[in-house]
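Below is one structure; the comments refer to it alone.
The values are calculated or read from the model by the stated rules, or taken from the named source; none is laboratory data. The shown structure was predicted, so the numbers you read here are calculated from the model rather than taken from an experiment. Please note: Cβ atoms are built from the backbone with ideal geometry, for glycine as well, and neighbour counts cover all protein chains shown.
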Amino acid sequence: MPDLDRLVAGLRCRDVLSDLSEFLDGTLAPARVADIQAHLAECDTCARFGGRIGAMVEALRAERDDSFMLDESALTQLRDRIQLAIGTSR
Ligand SMILES: [Zn+2]
């Protein structure tokens, strides 16, 4: 289990992961997006937790517009992993 209480770039991994669905959906405030990107850029826990997260973040960085769509099954898997990791369910 990764250490999700690690503080990197002003955010804990737990905070990043709990916002990640919205981050990927593009519904987060731009300031929050910037915070999360700063965290992901420096946090090897998050980088290791989801190789896919890093790939998606790269894709989002490369194509920051509304036409960009994540692969549905990859997104579902990612959300499942996030919810497992932060120990919540909706
Ligand atoms: Zn992290």
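Of the residues that make up region 3-20, is at least one part of a helix (DSSP H, G or I), modelled with pLDDT of 80 or more, of a type in the set (G, A, S) and more than 16 Å from the ligand (Cβ to nearest atom)? Talk me through it step by step, then tell me what you get.
Of all residues in region 3-20, those part of a helix (DSSP H, G or I) come to 13-20.
Checking which are modelled with pLDDT of 80 or more leaves us with 13-20.
Still in the running and of a type in the set (G, A, S): 18.
So of that shortlist, the ones also more than 16 Å from the ligand (Cβ to nearest atom) come out as none.
No, the conditions are met nowhere in region 3-20.
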Response to the item:
Flagged in region 8-38 as loosely packed, with under 12 Cβ neighbours inside 10 Å and among the hydrophobic types (A, V, I, L, M, F, W, C), in numbering order, are A29, A31
